[in-house]
1. If you scan the stretch 221-264, which residues turn out to be acidic (Asp, Glu) and in contact (Cβ under 8 Å) with a residue 24 or more places away in the chain?
2. Restricting to the stretch 118-165, name every residue that is in a loop (DSSP other than H, G, I, E, B) and of a type in the set (D, E, K, R).
3. Filter the stretch 55-82 for residues that are of a type in the set (A, V, I, L, M) and in contact (Cβ under 8 Å) with a residue 40 or more places away in the chain and give the result.
4. So, in the stretch 350-370, exactly how many residues are touching a residue at least 24 places away in the same chain (Cβ under 8 Å) and away from ligand 2 (no atom under 14 Å from the Cβ)?
5. Just for the stretch 371-395: of the residues that are among the charged types (D, E, K, R) and away from ligand 2 (no atom under 15 Å from the Cβ), which one is surrounded by the most Cβ atoms within 10 Å (Cβ to Cβ)?
6. Restricting to the stretch 257-285, give me the number of residues that are among the hydroxyl-bearing types (Ser, Thr, Tyr) and farther than 22 Å from Ala90 by Cβ.
7. For Gly7, only one of the following conditions fails: (1) buried (at least 20 other Cβ atoms within 10 Å of the Cβ); (2) within 26 Å of Asp103 (Cβ to Cβ). What is its number?
Amino acid sequence: MFIKSKGTHISEHRGHKEMSLKNPYVEFLNPSYVYIPLVEQNTPCDVNVKVGDLVKLGQIIANKTGTFCLPIHASVSGEVISINEKMWHASGKMVATVKIKNDFTESKCEAIKPQAFQDFTQEQIVEAVFNNGVVGLGGSGFPTYFKLKVKQAMAMVIINAAECEPYITTDYALIKDHLDQLIRGMKYLMKAVSAPKGFIAIKENKKTLIQKIKLALTEEPEIAVFELKDEYPAGWEKYIVQRITGKNYHSLPSEVGVVVNNASTAVAVCQAVEENHPLIEKMVTITGEGIKEPTNVFVKIGTKVSDIIEQIGGYADNLKEVYFIAGGPMTGKSIYSDQMVVNRSLSSVVVMPKMIREDNPECMGCGKCSEVCPVWLSPIQIKQALDAKNVDSIKELKADLCMQCGLCSYICPSRIELTEAVAKAKAEVLKKR
Ligand code: SF4
Ligand code: SF4
């Protein structure tokens with residue numbers, strides 16, 4: 001049965017995107033130190049450098065092993081200072097890092113150079129994407145090469161440029177200046193999975209950018225723009241695939257002949273294929289009421305968030321305490337230190353004045369959480385079933401369908417932590433299975 005997920009419009013005022021878009025993006029590519037996290041998608045990585053080694057920009061310094069293996073590269077040239085210094089990470093945990101002292105020479109490893117990409121086979125494209133550590137830059141961090149290893153030809157590639165979470169504007173900032181790379185990256189992705197069609201899915205309210213994209217696509221009849229409604233979670237993969245194909249899938253879009261990649265990922269694919277350039281730099285939105293000049297910043301992977309904040313003008317005046325949300329207010333993780341480092345999938349850091357929460361806020365029965373849930377759940381009922389440890393009821397309430405979009409917590413006037421509760425309930429159901 002086809003059940004269409006629903007979306008909720010978040011007003012511009014509550015979306016807060018204008019904060020980081022009022023200024024053009026800035027670059028901060030010369031930090032004194034970088035701290036490359038030795039963890040990818042919660043999996044620890046094997047290091048292959050030691051303290052005192054001199055590394056070049058783009059050199060492989062560690063590898064993620066296992067099913068989704070992937071190399072990890074140095075984002076600056078310089079000396080390895082330490083291997084196990086723990087830093088905060090977007091996962092909400094402290095992780096070991098490789099600390100490199102920047103020698104500011106930007107001395108590149110020899111492998112980074114223009115490629116004869118015009119003749120690349122599908123396998124060579126996938127190999128370039130793997131070798132250069134390209135991952136989903138919409139926040140998932142899922143290795144892109146893995147999505148491209150499909151058994152049969154795909155019907156289409158979709159570029160997800162919806163960026164529907166409040167505050168985040170990285171894709172918007174990157175697409176504006178790197179549209180040509182996005183389109184070329186998309187074509188390599190289409191070639192890799194033999195897809196004859198491509199769609200750039202973007203929210204209908206981005207009128208100027210849509211016009212610019214359409215103009216750039218005049219000579220590309222196989223690629224079109226698909227305008228999504230201005231609602232949350234328009235950037236959720238299932239939502240986009242439903243809107244464009246009219247089909248649902250169970251675990252992966254490839255079940256219905258689709259490969260979905262984020263807009264910034266397509267730019268990284270282009271650089272990997274054309275220049276053998278690894279993913280060592282990225283755009284991050286640094287924003288929120290706790291920042292003096294919210295903006296998008298193009299930084300090296302491994303840069304400390306405190307260094308970026310200092311670089312762009314510091315914290316807002318008269319703040320007592322702040323907290324940080326790594327990845328956006330809906331799906332991100334709260335972190336209480338600016339000693340956090342940029343990893344490959346970190347899209348934004350929202351800095352907020354610390355709020356006092358009631359200990360046990362009461363539900364006022366407004367029904368808003370059920371109203372907005374894109375997969376038609378009743379989050380408060382699930383939370384009540386979880387509190388009562390009633391696993392049968394949790395199952396009946398279909399907690400396992402939650403996609404952790406964060407909308408129920410965001411909308412709740414009593415500020416009840418519904419998303420966290422439903423996530424725990426979902427884990428209970430999956431454990432029983
Ligand atoms: S977090 Fe889960 S329960 Fe809450 S609105 Fe999103 S899908 Fe529904
Ligand atoms: S939105 Fe909050 S207050 Fe309203 S019904 Fe849901 S839990 Fe209760």
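1. Glu222, Glu227, Asp230, Glu231, Glu237
2. Matches in the stretch 118-165: Lys149, Lys151, Glu163, Glu165.
3. Val55, Leu57, Leu70, Ile72, Ala74, Val76, Ile81
4. 5
5. Lys395
6. 0
7. Of everything listed in (1) buried (at least 20 other Cβ atoms within 10 Å of the Cβ); (2) within 26 Å of Asp103 (Cβ to Cβ), Gly7 misses just condition (2).
Residues are listed down the side, and each one gets a yes or a no for (1) out of contact with any His (no Cβ under 6 Å at 6 or more places or on another chain); (2) more than 30 Å from Met352 (Cα to Cα); (3) surrounded by fewer than 24 Cβ atoms within 10 Å (Cβ to Cβ):
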site: Val150; (1), (2), (3): yes, yes, yes
site: Met154; (1), (2), (3): yes, yes, yes
site: Ala162; (1), (2), (3): yes, no, no
site: Tyr172; (1), (2), (3): yes, no, yes
site: Pro196; (1), (2), (3): yes, yes, yes
site: Asn205; (1), (2), (3): yes, no, yes
site: Leu215; (1), (2), (3): yes, yes, yes
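The values are calculated or read from the model by the stated rules, or taken from the named source; none is laboratory data. As the structure is a prediction and not an experimental result, all values here were calculated from the model. All Cβ positions, even for glycine, are placed from backbone atoms using ideal geometry, and neighbour counts span all protein chains on display.
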